[in-house]
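Report on the following structure.
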């Protein structure tokens, strides 16, 4: 899920003119009480009295310290207020190893150990039956990375998975994203909490009539504003509604193949601007309103493990196409968003319900080649709770010699 729940937004301080004078004079952020009021860290958002029983049992079994509350936020002094602070958190390229690149194409170690491998649709979505993620060896992890890259999203039900083991898996596949503002499991900054009940308490106000576009009920790709956006993202839901609460994924590979050759050629090499979910104050223009982080990436990108081209845009986080007039950019992007959202044959819808009590379900997807949408049909009447770990990958790139998925698989391009 995305970091779209803006629990860290701030109101303009009452003494803003005084603040601006101090900022201009000193060149440093003035951390006044008013400015920090909405950015209080630690356990200020604790909602432990509503923590679902399955989640509590999972945490207690794993030795997670809940004595101070749940969940935790980064310390107040670490939460960025100014735009340049937020951008500086990860603004330099770091090494990345694509674990799926050298994996066995046949994935014999992974598939051979499974009881069953179920492809949920023709080209997106696979469920692995009879394996525990916590037991995978490195060879199997590499093969799973390749399977995720090929199938976009892979599911594992009936998982007895601790938050620590989930984090360990994420660290194997890349540098784990530690969100500057979002709530996390106490003591584990890299494990983000995805909990609709908490987000409602913090002011999200999702309802039946306005569920579309609120929280995670929108088509999005996680953290596209990063210099190195996530590759594999792993959401483990330990508390799942009896009915509903599904998630839908759409394939960026298939979205690219839906386009005409002329349109594909037009888009290849084009750059778009992607924004953060959270907003910050521009130090140089503090009265101009809060602003998103912006980052430029190619609209068509190549996956380093499969070598396949993917359409890399999403309605929530793609702002504009560089070099085009606004009306041109808006119309093209609206069309591209619709390719993901309207074509049911490039989507998979998954119900998280495990087959056994006391365990959860994991979904692992590749953010480089997908969008997803959390369905709020359970309307908050039953608890839904999970933990997410995102492994940051390479700087997005486009290889003009790469192929599309259908071209690589020898399928019809008509």
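The values are calculated or read from the model by the stated rules, or taken from the named source; none is laboratory data. These figures come from a predicted structure and were not determined experimentally. Every residue, glycine among them, receives a Cβ derived from its backbone with ideal geometry; neighbour counts consider all protein chains shown.
Would you confirm, using the coordinates I've provided, whether residue 2 is surrounded by 15 or more Cβ atoms within 10 Å (Cβ to Cβ), closer than 30 Å to residue 242 by Cβ and modelled with pLDDT under 85? Answer is yes for this residue. Screening the stretch 284-330 for strands (runs of 3 or more DSSP E) wholly inside it with 3 or more residues that are out of contact with any helix residue (DSSP H, G or I) (no Cβ under 7 Å at 6 or more places or on another chain) and either buried (at least 18 other Cβ atoms within 10 Å of the Cβ) or on the phi < 0 side of the Ramachandran plot (or both) returns the ranges 291-298.
Could we say that residue 272 is in contact (Cβ under 8 Å) with a residue 40 or more places away in the chain, part of a strand (DSSP E or B), touching a strand residue (DSSP E or B) at 6+ places or on another chain (Cβ under 9 Å) and farther than 27 Å from residue 191 by Cβ here? Judged against the criteria, residue 272 is a match. The combined condition, being out of contact with any helix residue (DSSP H, G or I) (no Cβ under 8 Å at 6 or more places or on another chain), surrounded by 13 or more Cβ atoms within 10 Å (Cβ to Cβ) and at pLDDT below 95, is fulfilled by residue 374.
Rundown of residues vs (1) at negative phi; (2) at pLDDT 95 or above; (3) assigned to a helix (DSSP H, G or I), yes/no style:
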| residue | (1), (2), (3) |
| --- | --- |
| 87 | yes, no, yes |
| 105 | yes, yes, no |
| 124 | yes, yes, no |
| 179 | yes, no, no |
| 182 | yes, no, no |
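Listed by first and then second residue, the pairs with beta-carbon distance under 7 Å, at least 6 apart or on different chains, first residue in the stretch 239-254 and free of Cβ contacts under 8 Å to residues at least 24 places away in the same chain and at negative phi, second surrounded by fewer than 23 Cβ atoms within 10 Å (Cβ to Cβ) and in a helix (DSSP H, G or I), form an empty list.
Looking only at residues that are out of contact with any helix residue (DSSP H, G or I) (no Cβ under 8 Å at 6 or more places or on another chain) and in a strand (DSSP E or B) in the stretch 107-122, which one is farthest from residue 344 (Cα to Cα)? Looking at the filtered set, the residue picked out is 116. If the condition is being farther than 24 Å from residue 306 by Cα and in contact with a helix residue (DSSP H, G or I) (Cβ under 7 Å, 6 or more places away or on another chain), then the stretch 378-414 contributes 380, 383, 384, 385, 387.
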